[in-house]
Amino acid sequence: MAPVAPTKTDRKLEDKMLAAAGDPQRSNVIAKARTFKRSWLELAEALTGVLERGSWEGWGYRSFDAYCKKELQITPSTAAKLTGSFRFLKTSAPTIIERSHATPEAPVPDVKTVDFVQRAEERGAADEDTMAEIRRVAFDEGARAPMLARRFKSVAFPVSDADAQSKLLSQLGSTSRKLAALIAEPNLPVPHDIAAQVEQAIGKLLESIEDKLA
């Protein structure tokens, strides 16, 4: 199999890593950024260290966000999610981090899975038994975020009847407006009187929806 050609971003990171060879922490973080897709946890741990030590200041950057964006080619929002997920694991599931240190090839939950569990805990809607089950399924069984959402979303992120009704009305309004735009097409291949009746009904429906959402 032919080797995969390095991307432009990968070449940039390689150049930066070589330039920072005299600074072990700096070059180590850049190296982990290059393998981000394969091992997010390593990068998250390294970034957390940079953030807690304020190392970016000594490397000539005005902020942690600027460092991530310019040196690592990582957006501030991605960096925040990585460091937040790492800190959550360090507090709530430290064995995952310990296992990754002891056995680097051991599987780790992806960042979206960790984010689901973290948000569920922060929401506080699920009782402790349910949260324990969510953590077990996510961290022990290796379930990914979509599966967690299908199984636990209704209890971890419950929607009130009022919110559910508001969402349904908004969706109905959006669909009605799209239909109204189609009905207004000049070359509509349906009888004019039927189109006029539908247009009139849609207008009344939209008025009703707007009243309920007001």
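ALA120 fails exactly one of the following numbered conditions: (1) over 28 Å from LEU43 (Cα atoms); (2) at pLDDT 90 or above. What is the number of that condition?
Answer for ALA120: the failing condition is (1).
Exactly one condition in (1) among the charged types (D, E, K, R); (2) more than 29 Å from LEU18 (Cα to Cα); (3) surrounded by 13 or more Cβ atoms within 10 Å (Cβ to Cβ) is false for ASP129; which is it?
Here ASP129 clears every test but (3).
Can you report the number of residues in the range 20-38 which are closer than 20 Å to TRP59 by Cα, exposed (fewer than 14 other Cβ atoms within 10 Å of the Cβ) and either polar (S, T, N, Q) or modelled with pLDDT under 85 (or both)?
Adding up the residues that qualify gives 1.
Of all residues in the range 156-207, which are small (Gly, Ala, Ser) and under 30 Å from ASP129 (Cα atoms)?
Step one: filter the range 156-207 for residues small (Gly, Ala, Ser), giving 156, 160, 162, 164, 166, 170, 173-174, 176, 180-181, 184, 195-196, 201, 203.
Answer for the range 156-207, where residues must be small (Gly, Ala, Ser) and under 30 Å from ASP129 (Cα atoms): ALA156, SER160, ALA162, ALA164.
Mind checking which residues of the range 138-149 are part of a helix (DSSP H, G or I) and more than 14 Å from LYS112 (Cα to Cα)? Can you show your working first?
Within the range 138-149, the first condition is being part of a helix (DSSP H, G or I), and the residues that meet it are 138-140, 145-149.
Once the filter is applied, which keeps residues that are part of a helix (DSSP H, G or I) and more than 14 Å from LYS112 (Cα to Cα), the range 138-149 yields only ASP140.
Taking the condition under 15 Å from TRP40 (Cβ atoms) and touching a helix residue (DSSP H, G or I) at 6+ places or on another chain (Cβ under 6 Å), does VAL155 pass? Spell out how you get there, then give the answer.
Values: under 15 Å from TRP40 (Cβ atoms): no; touching a helix residue (DSSP H, G or I) at 6+ places or on another chain (Cβ under 6 Å): yes.
Answer is no for this residue.
Could you list, in sequence order, the residues of the range 55-83 that are in contact with a helix residue (DSSP H, G or I) (Cβ under 7 Å, 6 or more places away or on another chain) and more than 17 Å from VAL29 (Cβ to Cβ)?
Those that are in contact with a helix residue (DSSP H, G or I) (Cβ under 7 Å, 6 or more places away or on another chain) and more than 17 Å from VAL29 (Cβ to Cβ): none in the range 55-83.
Specify the residue that is modelled with the highest pLDDT; the eligible residues are those in the range 156-173 that are in a helix (DSSP H, G or I) and hydrophobic (A, V, I, L, M, F, W, C). Full working, then the answer.
Here is the first cut: in the range 156-173, the ones in a helix (DSSP H, G or I) are 156, 161-173.
Right, trim to hydrophobic (A, V, I, L, M, F, W, C) and you get 156, 162, 164, 168-169, 172.
Values: ALA156: 94, ALA162: 75, ALA164: 72, LEU168: 84, LEU169: 84, LEU172: 88.
Restricting to residues being in a helix (DSSP H, G or I) and hydrophobic (A, V, I, L, M, F, W, C), the top hit is ALA156.
With respect to ASP193, is the statement that it is modelled with pLDDT under 85 and either in a helix (DSSP H, G or I) or touching a Gly at 6+ places or on another chain (Cβ under 7 Å) (or both) true?
Criteria not met by ASP193.
Suppose we filter the range 39-76 for residues that are surrounded by fewer than 21 Cβ atoms within 10 Å (Cβ to Cβ), touching a residue at least 60 places away in the same chain (Cβ under 8 Å) and among the small types (Gly, Ala, Ser); how many remain?
1
Pick from the range 98-115 the residues that are of a type in the set (A, V, I, L, M) and surrounded by 16 or more Cβ atoms within 10 Å (Cβ to Cβ): which of them is farthest from VAL29 (Cα to Cα)?
Let us first name the residues in the range 98-115 that are of a type in the set (A, V, I, L, M), namely 102, 106, 108, 111, 114.
Checking the rest, the ones that are also surrounded by 16 or more Cβ atoms within 10 Å (Cβ to Cβ) come to 108, 111, 114.
On the way: VAL108: 19, VAL111: 18, VAL114: 21 Å.
The qualifying residue farthest from VAL29 (Cα to Cα) is VAL114.
Looking for whichever is more than 25 Å from the chain's Cα centre (by Cα), farther than 18 Å from SER92 by Cβ and not assigned by TED's automatic domain parsing to the domain that holds THR91 here; the options are LYS178, LYS167. Which one fits? So that I can check it myself, show each step before the final result.
Numbers: LYS167 fails: more than 25 Å from the chain's Cα centre (by Cα).
Exactly one of LYS178, LYS167 is more than 25 Å from the chain's Cα centre (by Cα), farther than 18 Å from SER92 by Cβ and not assigned by TED's automatic domain parsing to the domain that holds THR91, namely LYS178.
If I go through the range 50-91 residue by residue, how many of them are of a type in the set (Ser, Thr, Tyr), within 19 Å of the chain's Cα centre (by Cα) and part of a helix (DSSP H, G or I)? Spell out how you get there, then give the answer.
Here is the first cut: in the range 50-91, the residues of a type in the set (Ser, Thr, Tyr) are 55, 61, 63, 67, 75, 77-78, 83, 85, 91.
When the remaining residues are screened for being within 19 Å of the chain's Cα centre (by Cα), the result is 75, 77-78, 83, 85.
Next, from what is left, pick out any that are part of a helix (DSSP H, G or I): 77-78, 83, 85.
So the answer is 4.
The values are calculated or read from the model by the stated rules, or taken from the named source; none is laboratory data. All of these numbers come straight from a predicted model, not from anything done at the bench. So basically every Cβ, Gly included, is an ideal-geometry build from the backbone, and we count neighbours across all protein chains shown.
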